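These notes are about the structure you will find just below.
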Amino acid sequence: MAASIREKQTVALKRMLNFNVPPVKTGTGEPVWKVLIYDRFGQDIISPLLSVKELRDMGITLHLLLHTDRDAIPDVPAVYFVMPTEENIDRICQDLRNQLYENYYLNFISAISRSKLEDIASAALGASAVSQVAKVFDQYLNFITLEDDMFILCNQNKEVVSYRAVNRSDITDTEMENIMDTIVDSLFCFFVTLGAVPIIRCSRGNAAEMVAVKLDKKLRENLRDARNSLFTGDTISAGQFSFQRPLLVLVDRNIDLATPLHHTWTYQALVHDVLDFHLNRVNLEESSGLESLPVGTRPKKKNIKSYDLTVADKFWQKYKGSPFPEVAESVQQELESYRAQEDEVKRLKSIMGLEGEDEGAISMLSDNTAKLTSAVSSLPELLEKKRLIDLHTNVATAVLEHIKTRKLDVYFEYEEKLMSKSTLDKSILDMISDPDAGTPEDKMRLFLIYYITSVQPPSEMDLEQYKKALTDAGCNLAPLNYVKQWKAFAKMASAPASNTTKSKGLISRVMNTGSQFVIDGVKNLVLKQLNLPVTRILDSLIEMKSNPETDDYRYFDPKMLRGNDSSVPRNKNPFQEAIVFVVGGGNYIEYQNLVDYIKTKQGKHVLYGCSELFNASQFLKQLSQLGEK
């Protein structure tokens, strides 16, 4: 892939901020100063991609939310970046009437309907501000890119497209249609930005299939309308895809409920699991010294520190997919190399302060002047290194705290064994009953993974015993009610091919580092890379292998004139590019598993997308809401 989706979305945003003209690098000349007005959706799309400094370089002096009280700045142009919703349009019309800005550049995140455009036009006429509305654009940027190879649909109203929303028992057809339309609208925007028409594969009889049918129809309609098609001309620059079209694999969250509940062992997934981490920003509570407080005084409010874990953070890019012990060791090594560099600068400083005229000192001086110059020029780099080391020391320490207090290493090892059907050295009941092992939530996750992955569900008597132990440990049993229904349903659906709901072990080649976190007896357990269900499905479809799991997947090609609903692929060649999209929510564990898988495939690229990104406790909450009904 010539450019990553992150680069493409960033380029589109920069063009928009430059009044929809590609920015030209000129040596002189200030940028045009302007105001950026966005809604919460626009804010979520911009914040992982552009820093405040980058916005300032683009000439953005102020960035404000649409629905706040804004003062009039009559001699400055305003760039709007908002969803075309009823209330947003009303507010834009109000701005026109109040004559807040010099010119209005209206950019809609998703396509605006004719009737809403007319509302803006009549407001502009009424306020005699027609000449001030400079441009109106549909940007087709209704998705959030978190990594070069990962995107999510939304963050603001994610409950609208959540797993719970799609799987509610009392959902009406109209509600389901609306959810599917929301997902398809975002996926359509994604492909417009990517500049490619995919070949779509999906499983049958679930939400993923509904998305596939609607997306195929939407792409087909757009391609047919040659005059207004978004997939012709400059959007698809020559040679960008080397005539290879990408494969879109739509999977439903229900094919694998175990992975989202799994305790994990890689850095990024652990940060997401145990800390407050969303849209590439982690919020840490700074522990204040509580011990020294006099009795009766109110404890000080904890400070929240935010850190951005971005593409520019080299340490994060290198180690986000590594096992945690390796990360802890690397932070230590980085710290040591930084200290050595710092000592060198100090040493040179003291030499520069040499007195006396002896020749040795003078010859050393001329030699060291060059060294000092290079040391001084590397200072900004050194300071940046220091910032990153401090950041990761804090984040890794916070994660380690959770691992130690909740015995997450034990949970990880245990669940690995469950998911790979290995023998267990300690019964689940002991783990649940052990008061020192983890929170009630950890115990519930472990039991649900056991229940989901077991070929034979536990007998009623055993189940009662487990339920009692879970209740005694303080667990809420609502998620189990839902998972029981789900399992019964999955069993009915997959009676002939019983291997579809089996979950395979996850992070492998882990814990073979000699660090203090490693538990004895684990080393031999995790040496080979095992693919998760989502990765296995991708593997069959990208390589065009025959596999009972994917043989009946539907096949859509929006470029074919007649949409035939066959499951027989016309294209027999393996694909080079693939996008895996999980309807019902995804997680960093699956993302990391795909990244590890594609590393072994020369010249292939894979993107991971999901309707929302949740960690295990957020997913467990959705399961319990479904179970309480």
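The values are calculated or read from the model by the stated rules, or taken from the named source; none is laboratory data. All of these numbers come straight from a predicted model, not from anything done at the bench. Don't worry about glycine lacking a Cβ; one is built from the backbone with ideal geometry, like all the others, and counts go over all protein chains shown. Only protein heavy atoms, including side chains, enter the accessible area calculation; ligands, DNA and RNA are left aside. Shrake-Rupley method; radii C 1.70, N 1.55, O 1.52, S 1.80 Å.
Order the peptides 604-617, 177-190, 75-88, 56-69 from the highest to the lowest mean number of other Cβ atoms within 10 Å of their residues.
Going from most to least packed, we get 604-617, 177-190, 75-88, 56-69.
Excluding residues fewer than 8 places away in the same chain, name every one of the aspartates and glutamates whose C-alpha is closer than 14 Å to that of Lys385.
Asp313, Glu334, Glu336, Glu342
Would you please give the residues with an amide H less than 5 Å from that of Ser322, counting only those at least 5 places away or on a separate chain, with H modeled from the backbone geometry?
Tyr267, Gln268
What whole-number distance in Å separates the alpha-carbon centres of region 99-128 and region 35-50?
About 19 Å separates the Cα centre of region 99-128 from the one of region 35-50.
With every protein chain kept in place and ligands, DNA and RNA left out, what is the accessible area per residue of region 408-493? Probe 1.4 Å, answer in Å².
In whole numbers, region 408-493 has 46 Å² accessible per residue.
Keeping the other protein chains in place, figure out the carbon and sulfur percent of the accessible area of region 5-141, with a 1.4 Å probe.
Carbon plus sulfur share of accessible area: 52 percent.
Roughly how many debye, to the nearest 20, is the charge dipole of region 5-141 about its Cα centre, given +1 on each Lys and Arg Cβ, -1 on each Asp and Glu Cβ, and no other charges?
Roughly 480 debye, rounded to the nearest 20.
Of the cross-linked pairs Lys14/Lys386; Lys314/Lys407; Lys14/Lys53; Lys404/Lys487; Lys214/Lys604; Lys320/Lys604, which ones have a Cα-Cα span greater than 25 Å in the structure shown?
Correct reply: Lys14/Lys386; Lys314/Lys407; Lys404/Lys487; Lys214/Lys604.
So what J values fall out for region 82-93 if you push phi through Karplus, 6.51 cos²θ - 1.76 cosθ + 1.60 with θ = phi - 60°, rounded to Hz, Gly and Pro as x?
Running phi through 6.51 cos²θ - 1.76 cosθ + 1.60 with θ = phi - 60° gives 9, 6, x, 8, 3, 5, 5, 5, 4, 5, 5, 4 Hz.
What percent do you get for the relative contact order of region 408-493 when only Cα pairs under 8 Å and 6+ apart count?
Relative contact order of region 408-493: 31 percent.
Where Lys and Arg each count +1 and Asp and Glu each count -1, what net charge lies around Lys314 among other residues with Cβ under 15 Å from its Cβ?
-3
Taking Lys572 as the anchor, which aspartates and glutamates have their alpha carbon closer than 12 Å to its alpha carbon, excluding any fewer than eight residues away along the same chain?
Within reach: Glu543.
Considering only protein heavy atoms and a 1.4 Å probe, what is the carbon-and-sulfur percentage of the accessible area of region 408-493?
Carbon and sulfur atoms account for 57 percent of the accessible area of region 408-493.
Under 13 Å Cα to Cα from Lys305, which aspartates and glutamates show up? Leave out anything in the same chain fewer than 8 places away.
Cross-link targets: Asp276, Glu285, Glu286, Asp390.
With every protein chain kept in place and ligands, DNA and RNA left out, what is the accessible area per residue of region 101-147? Probe 1.4 Å, answer in Å².
On a per-residue basis, region 101-147 sits at 41 Å².
Indicate the gyration tensor shape class of region 408-493 (rounded, prolate or oblate), computed on the Cα atoms with a ≥ b ≥ c the square roots of the eigenvalues: a/c under 1.5 is rounded; otherwise a/b larger than b/c is prolate and the rest oblate.
oblate
Counting Lys and Arg as +1 and Asp and Glu as -1, what is the net charge of the other residues whose Cβ lies under 15 Å from the Cβ of Ser546?
Here the count lands on -1.
Mind running the shape call on region 7-83? Use the C-alpha gyration tensor, a ≥ b ≥ c as the square roots of the eigenvalues: rounded below 1.5 for a/c, prolate if a/b tops b/c, oblate otherwise.
Oblate, because a/c is 1.5 or more while a/b does not exceed b/c.
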